[in-house]
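Novice: Let me begin by handing over the structure; questions about it come next.
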Amino acid sequence: MAEPINVVVTGAAGQIAYSLLYQLAAGSVFGPEQPINLRLLDIPPMMKVLDGVVMELQDLALPLLREILPTAEPAKAFENVAAAFLVGAMPRKEGMERKDLLAANVDIFKVQGEALDKHARKDVKVLVVGNPANTNALICSHYAPSIPKENFTAMTRLDQNRAQAAIAARIGVQVDKVKNVIIWGNHSSTQYPDVAHATVALSSGVKPVPSEINDDEWLNSTFVETIQKRGAAVIAARKMSSAMSAAKAAGDHMRDWWFGTKTGEWVSMGVVSDGSYGIPKDVVFSFPVAIKNKQYEIVQNLSISNFAKSKLDVTSKELEEERAEANNVLKK
Ligand code: NAD
Ligand code: LMR
């Protein structure tokens, strides 16, 4: 059995963490051979709640879970971590856009970037879940200059899972029959869920999703808008933002980063743009990525229609605006 790795979850007393921690402790993310030490970070007023979470983690009686450290001190939480789930942040309420959270949340990611820089392993894999996730990931990376930029990612896997599930339901197949749906851009209502390169496995063979659905009007409007607004729809119904599905997506994102993707398949992750597909550099943009040996590469040379290009432009522009606003907040 391998030596334990340190894994930090921030916002550990919150609702996403409550679903995520079980997946980590049970081995569903880092595998059944990888013991983990959990570092649970939250703010001082939540320490009592966190004690309850610790009791429940102990009571799971899971052999892969070794040490559990609840703390309000970033320096302790980030000590020697190999993986970081940055979940802790304020969630939006009904009627808000995710970028409305910038002023409230961006400072958290500055402080945590600095703590990662000082205390984490230099190969730490960072997944930012707290909104606005893309811009928070960018800020976090800026404040951790000793860690490669490639190690900072933002979660758009929930959007990918939503899109895959919606396509599978429309065609009437199991969700795992649908592959290579892409989420481009921001985890916001400007994201572009794209099925131009997606396939579906049917008894008659593997088919392109667009020809199988054969309804461009539905694909270009109803489908796109449903995925863009799904988070808001969950908030309107639950009066709280998605948590179970968000935690599942966080586990999916990190597991694929750790273990890789299958040949010919890709997943979507918010990563620091290298200019691929004409996207501005230095924004965290969701691209399709293929992963091998714990390193991802942006999938290149996919054809982009004029319609798709116009969508990519809108979401790029929003990310540039968010970056400018985040920098203003941090200057104050
Ligand atoms: P929650 O309010 O239930 O929990 C958030 C926790 O973070 C709280 O316990 C809070 O005390 C803690 N926290 C606040 N500031 C902190 C800090 N500086 N350090 C450590 N912990 C801190 O919220 P939630 O439902 O778990 O959602 C968390 C975040 O994830 C929100 O920003 C939400 O919008 C976002 N989210 C993102 C996605 C995505 O797909 N990227 C999906 C769902 C939710
Ligand atoms: C989601 O997509 O469900 C989360 O980002 C929460 C939200 O604010 O929409």
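Novice: Over the chain, what number does the Rg to Rh ratio reach, with both radii from the alpha-carbon atoms and Rh per Kirkwood?
Specialist: Here Rg/Rh amounts to 0.96.
Novice: When the helices in the chain are scored as -39500 (n - 2.57) per DSSP H run of 4 or longer and the sum is shared across all residues, what 222 nm value do you end up with, to the nearest 500 deg cm²/dmol?
Specialist: -12500 deg cm²/dmol
Novice: Continuing with this model, one more query. Give the span of region 148-190's Cα atoms along each principal axis, as three whole-Å numbers ordered largest to smallest.
Specialist: 42, 22, 12
Novice: Starting from the Kirkwood Rh over alpha-carbon pairs, what translational D in µm² s⁻¹ does region 22-168 have by Stokes-Einstein at 25 °C and 0.890 mPa s?
Specialist: 149 µm²/s
Novice: Now a separate question. Determine, for SER28, SER211, the number of other Cβ atoms within 10 Å of each Cβ, and report the residues in order from fewest to most. Walk me through the intermediate numbers first.
Specialist: Details: SER28 15, SER211 8.
Lowest to highest Cβ neighbour count: SER211, SER28.
Novice: A further question follows. So for region 85-126, considering every pair of alpha-carbon atoms, how many percent are separated by more than 14 Å?
Specialist: Every Cα pair in region 85-126 considered, those over 14 Å come to 55 percent.
Novice: Based on the alpha-carbon gyration tensor of region 117-275, what equivalent-ellipsoid semi-axes (square roots of 5 times the eigenvalues) come out, in whole Å, largest first?
Specialist: Ellipsoid semi-axes (Å, largest first): 29, 18, 14.
Novice: Still on this structure: So which of LYS229/LYS311; LYS122/LYS262; LYS248/LYS331; LYS179/LYS317; LYS76/LYS239 end up more than 24 Å apart by C-alpha?
Specialist: Violating the 24 Å Cα-Cα cut-off are LYS122/LYS262; LYS248/LYS331; LYS179/LYS317; LYS76/LYS239.
Novice: Counting other beta carbons within 10 Å of each Cβ, put VAL314, VAL224 in order, fewest first.
Specialist: Values: VAL314 13, VAL224 19.
The fewest-first ordering by Cβ neighbours comes to VAL314, VAL224.
Novice: Right, here's the next one. State the Cα centre-to-centre distance between region 118-157 and region 1-69 in whole Å.
Specialist: Spelled out, the Cα-based centre of one part sits 20 Å from the other.
Novice: Given an 8 Å cut-off on Cα distances and at least 6 residues of separation, report the relative contact order of the chain as a percent.
Specialist: Here the relative contact order equals 17 percent.
Novice: When each pair of different Cα atoms in region 219-332 is counted once in the 1/r mean, what is the Kirkwood radius in angstroms, to one decimal?
Specialist: Hydrodynamic radius (Kirkwood, Cα pairs) of region 219-332 is 16.4 Å.
Novice: While we're on this one: From the P(r) of region 172-219, can you give the percent of Cα pairs sitting at distances over 13 Å?
Specialist: Here the long-distance tail beyond 13 Å is 60 percent of all Cα pairs in region 172-219.
Novice: Taking a quarter of the surface of the convex hull around the Cα atoms of region 196-237, what do you get in nm²?
Specialist: Its Cα hull, projected and averaged over all orientations, spans 3.8 nm².
Each reported figure results from applying straightforward, stated rules to the coordinates on display, with no laboratory input. Quick caveat: nothing in here was measured; it's all calculated off a predicted structure. Don't worry about glycine lacking a Cβ; one is built from the backbone with ideal geometry, like all the others, and counts go over all protein chains shown.
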